[in-house]
Amino acid sequence: MKKVILDCDPGHDDAFAIMLAAKHCDLLGVTTVGGNGYLENVTRNALSVLEVIGRTDVPVYPGHAGPSTVPLVIADNVHGKSGMDGPKLDPPKRKPETKHGVDFIVDTVMNTDGVTLVATGPLTNIASAINKEPKVAERAEALYIMGGGAYCGNWTPAAEFNIYVDPEAAYKVFHSGIPIYMVGVNLTRQCPVNKDLIEELRGLGNRAGVFGAELMDFFAGGGDAHLHDACAVAWLIDPSLVDSAYLHVDIELNGSLTRGMTVTDLRTLQTNERDVDFDLGSPKKWDDPPVGSPFRGQAPNTHVGMRLDFPGFRKLLIETMASYD
């Protein structure tokens, strides 16, 4: 099991990320950040998810309430007033830790070998940890991010929500040298939640399954939704679930229409022999430019998720949810 710190802002899809990580990783702790909801709410939600699955041994550390440079934007239009509307949950029985989430990240990474960071909210805490101790970027095994998009946004036409909320933090992280695995909305839109999946979760009959179904009843709103954050954890658990391309990614800070965009240099995938085929039916992988082709584009810094094995993801999700009491 990989040693993992999960930095998140639960959030319906963050809840599934927590449940996957708690089963398949050595989950050292959960840190929270203002994003989908206000810090108090998302911290309570993290505690509640861990209580549902019987993992009250996993500590929860509140981090930053929002960005340091701009006001916090929350997604209450998507996740509701609580940040995780839908299930009827009693207040969690335990309290969060008093240690700040950033301090927990820094201390753990610097004193524990082989820690992988997973961030499924704005990158405020991760950037702050690197600012406080730059060696975090060297010591961390990797950073798996749900954020951005190779060629699309969701909060704006160009920007995905997590990056849009704190693009200055994202800029710091993407320029830090930490090994990054980016799951953007170009990939997570291949991970639909429909009525069939919701009823399969409900049909498991256990608390986790019913909880998952109730989350999705609200999140999908009678239509389709996407389990964005769970994809990042799934890639860490089973690398075969994601085809990726090693590309250069930078963050737009100033554009009036594109602030928060993950500017992904796709020129690497274009060669004299052929242009990349983005058709989802294509079996191609794009880990390296083809042999003998001239290198085009900027030097890569990010493994960008391009294609999801959704049947494999769904199997992992259902088996994980069924495994909880």
Name the pairs: first residue in the range 218-232 and in a helix (DSSP H, G or I), second residue of a type in the set (S, T, N, Q) and open to solvent by less than 50 Å² (accessible area, probe 1.4 Å), Cβ to Cβ under 6 Å, at least 6 apart or on different chains?
His228/Thr188; Asp229/Thr120; Cys231/Thr188; Ala232/Thr120
So which of Pro134, Pro179, Pro157, Pro122 is in contact (Cβ under 8 Å) with a residue 24 or more places away in the chain and open to solvent by less than 10 Å² (accessible area, probe 1.4 Å)?
Pro122
Would you say Gly34 is modelled with pLDDT of 95 or more, part of a loop (DSSP other than H, G, I, E, B) and at positive phi?
no
Restricting attention to the range 51-61, report how many residues are in contact (Cβ under 8 Å) with a residue 40 or more places away in the chain and hydrophobic (A, V, I, L, M, F, W, C).
2
Flag if Tyr171 is open to solvent by 50 Å² or more (accessible area, probe 1.4 Å), under 23 Å from Val33 (Cβ atoms) and among the aromatic types (Phe, Trp, Tyr):
yes
I'd like the residue in the range 191-227 that is more than 30 Å from Val70 (Cα to Cα) and either under 15 Å from the mean Cα position of the chain (by Cα) or among the basic types (Lys, Arg) (or both) and, out of all such residues, is surrounded by the fewest Cβ atoms within 10 Å (Cβ to Cβ).
Lys195
It is to be established whether one or more residues within the range 36-58 are under 18 Å from the mean Cα position of the chain (by Cα), open to solvent by 50 Å² or more (accessible area, probe 1.4 Å) and either closer than 26 Å to Tyr324 by Cα or among the charged types (D, E, K, R) (or both).
no
Which one of the conditions (1) modelled with pLDDT under 95; (2) within 24 Å of Cys25 (Cα to Cα); (3) open to solvent by 10 Å² or more (accessible area, probe 1.4 Å) does Tyr151 fail to meet, given that it meets all the rest?
(2)
What's the total number of residues in the range 71-80 that are touching a helix residue (DSSP H, G or I) at 6+ places or on another chain (Cβ under 8 Å) and either over 11 Å from His12 (Cβ atoms) or assigned to a loop (DSSP other than H, G, I, E, B) (or both)?
4
How many residues, within the range 299-325, are surrounded by fewer than 14 Cβ atoms within 10 Å (Cβ to Cβ) and either outside any helix (DSSP H, G or I) or of a type in the set (A, V, I, L, M, F, W, C) (or both)?
2
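Out of the residues in the range 233-253 that are open to solvent by 30 Å² or more (accessible area, probe 1.4 Å) and assigned to a strand (DSSP E or B), which is farthest from Ile180 (Cα to Cα)?
Among those residues, the one meeting the criterion is Asp250.
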Which pairs turn up if I take residues in the range 82-107 that are closer than 17 Å to Thr32 by Cα and part of a helix (DSSP H, G or I) and look for partners that are open to solvent by 70 Å² or more (accessible area, probe 1.4 Å) and not polar (S, T, N, Q) with beta carbon separation below 6 Å, at least 6 apart in sequence or on another chain?
Val106/Lys132
Check whether at least one residue in the range 16-23 is among the charged types (D, E, K, R) and open to solvent by less than 10 Å² (accessible area, probe 1.4 Å), and report yes or no.
no
Being within 22 Å of Ile145 (Cα to Cα), open to solvent by less than 10 Å² (accessible area, probe 1.4 Å) and at pLDDT 95 or above, is that true of even one residue in the range 254-266?
yes
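Kindly provide the set of residues from the range 60-70 that are within 19 Å of the chain's Cα centre (by Cα) and either part of a loop (DSSP other than H, G, I, E, B) or not hydroxyl-bearing (Ser, Thr, Tyr) (or both), ordered by number.
Val60, Pro62, Gly63, His64, Ala65, Gly66, Pro67
The values are calculated or read from the model by the stated rules, or taken from the named source; none is laboratory data. Note that the structure is predicted; figures quoted are calculated from it, not measured. Note: ideal-geometry Cβ built from the backbone for every residue, glycine included; neighbour counts use all protein chains shown. Remember, those area values only see protein heavy atoms, side chains included, never the ligands or the DNA or RNA. Shrake-Rupley method; radii C 1.70, N 1.55, O 1.52, S 1.80 Å.
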